[in-house]
1. Looking at the range 152-189, which of its residues are open to solvent by 40 Å² or more (accessible area, probe 1.4 Å) and touching a Pro at 6+ places or on another chain (Cβ under 7 Å)?
2. Since Ala217 meets every condition but one in (1) under 21 Å from the mean Cα position of the chain (by Cα); (2) free of Cβ contacts under 8 Å to residues at least 24 places away in the same chain, which condition does it not meet?
3. Among the residues in the range 35-48, are any over 23 Å from Phe148 (Cα atoms), in a helix (DSSP H, G or I) and either touching a residue at least 60 places away in the same chain (Cβ under 8 Å) or more than 16 Å from ligand 3 (Cβ to nearest atom) (or both)?
4. On the basis of being charged (D, E, K, R), surrounded by fewer than 18 Cβ atoms within 10 Å (Cβ to Cβ), at pLDDT 95 or above and outside any strand (DSSP E or B), does Glu94 make the cut?
5. Those residues that are open to solvent by less than 80 Å² (accessible area, probe 1.4 Å), away from ligand 3 (no atom under 16 Å from the Cβ) and within 15 Å of Phe42 (Cβ to Cβ), I need them from the range 223-273; list them, please.
6. Find the residue count for the range 190-214, including only residues that are open to solvent by less than 60 Å² (accessible area, probe 1.4 Å) and free of Cβ contacts under 8 Å to residues at least 12 places away in the same chain.
7. Taking the range 227-268 as the region of interest, how many residues are over 26 Å from Leu191 (Cβ atoms), charged (D, E, K, R) and either without any contact (Cβ under 8 Å) to a residue 40 or more places away in the chain or touching a helix residue (DSSP H, G or I) at 6+ places or on another chain (Cβ under 9 Å) (or both)?
Amino acid sequence: RREGGQRRVQHFQQRMLNEAQDRVRLISELHRGIEKGELHLFSQPIVNRERSIIGEESLIRWFSSVLGTVAPDDFIPLAEQTGVIVEIGDWVLEEACRVLAEWSRDPARSDLTLSVNLSERQLRADGFGERVREIIERYGVRPGRLTFELTESVLHTDIDRTVGLLGMLRTEGVKSSLDDFGTGYSSLSYLQQLPVQQIKIDRSFVSSIVEDPQAAAIALAIVRLGRTFNLQVVAEGVETEDQFEKLRDLGVDAFQGFLFGHPRPISELLVGA
Ligand code: C2E
Ligand code: CA
Ligand code: CA
Ligand code: CA
């Protein structure tokens, strides 16, 4: 019996060791991948109630020559822990602004917005606001075309600083959006303080919206909240016509999901592509 227990402990330690080794390997591969240009920007359309595309959300992709395709959920959290997300985020922001500048010269795309996911760590990094301003200016981007998506994790630390930063961005004309809304600790009271212009109903509510009256009630509550606070309400992860219809009936303003388009390389949306 005792031996079995020891074996279990050894097994556990071995697994921990493997996990630690995996992490170290992943981190060093990520650094190498960044240098070798293995990160790419994809994007997914966001449509209005008439199904016309009004914008895109940029989504990062890592095609590692060593590890194969690594999903953002498998490397973004690690990049956040090690801080390399700040470097990645700067690259994403720069790419996004380059794309927006291109779109502005394309009559078919000049009105589109581009949403960029932001980690709490990026927001907290020194000089973030100034860097945003500098990149926007350098590319001549109309600030109103750029939206930052933040999760409720930004509410965990130094809320006053976050409010100040988002307020400054809003003054510049850059919009902010609360992502994965309804899944965090929220903190409805923060909505009053936070200068955001958009909330995104989390996919977990959308996926069960047709058959689960409680999910529908939550979505409706979010829509009403959005009206009260004058926020655009976006539903994410819309996969079926039934979900789209239900969400539209509830009053949702905009929609995103496989029903309207999968993420594809953002370079495909450039002039002449
Ligand atoms: P997110 O911001 O909530 O992005 C939405 C995720 O849902 C994306 O996963 C997207 O591909 C997926 N999705 C879109 N429509 C559907 C649908 O109809 N059904 C289903 N099942 N899924 C759908 P993805 O691209 O794997 O990204 C995962 C997460 O990684 C993102 O979640 C975001 O939190 C993070 N992420 C992606 N790009 C960046 C980035 O540039 N910076 C930062 N900080 N985080 C990023
Ligand atoms: Ca997002
Ligand atoms: Ca989301
Ligand atoms: Ca998410």
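1. The answer is Arg170, Glu172.
2. Going through (1) under 21 Å from the mean Cα position of the chain (by Cα); (2) free of Cβ contacts under 8 Å to residues at least 24 places away in the same chain one by one, Ala217 breaks only (1).
3. Taking the range 35-48 first, the residues over 23 Å from Phe148 (Cα atoms) are 35-38.
This time we only want the ones that are in a helix (DSSP H, G or I), so: 35.
From what is left, the residues that are either touching a residue at least 60 places away in the same chain (Cβ under 8 Å) or more than 16 Å from ligand 3 (Cβ to nearest atom) (or both) are 35.
Yes, because at least one residue in the range 35-48 is over 23 Å from Phe148 (Cα atoms), in a helix (DSSP H, G or I) and either touching a residue at least 60 places away in the same chain (Cβ under 8 Å) or more than 16 Å from ligand 3 (Cβ to nearest atom) (or both).
4. Criteria met by Glu94.
5. Arg264, Pro265, Ile266, Ser267, Leu269, Leu270
6. The number of residues fulfilling the criteria is 2.
7. Summing the residues that are over 26 Å from Leu191 (Cβ atoms), charged (D, E, K, R) and either without any contact (Cβ under 8 Å) to a residue 40 or more places away in the chain or touching a helix residue (DSSP H, G or I) at 6+ places or on another chain (Cβ under 9 Å) (or both) in the range 227-268 gives 5.
Yes/no per residue for (1) within 16 Å of ligand 4 (Cβ to nearest atom); (2) at pLDDT below 95:
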position	(1), (2)
Gly164	no, yes
Pro195	no, yes
Arg203	yes, no
Ile209	no, no
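The values are calculated or read from the model by the stated rules, or taken from the named source; none is laboratory data. Treat the numbers as computed from the prediction; the structure is a model and nothing was measured. Here the Cβ is made from the backbone with ideal geometry for all residues, glycine too, and neighbour counts use every protein chain on show. Ligands, DNA and RNA are stripped out before the accessible areas are found, and what is left, the full protein with its side chains, is counted by its heavy atoms. Shrake-Rupley method; radii C 1.70, N 1.55, O 1.52, S 1.80 Å.
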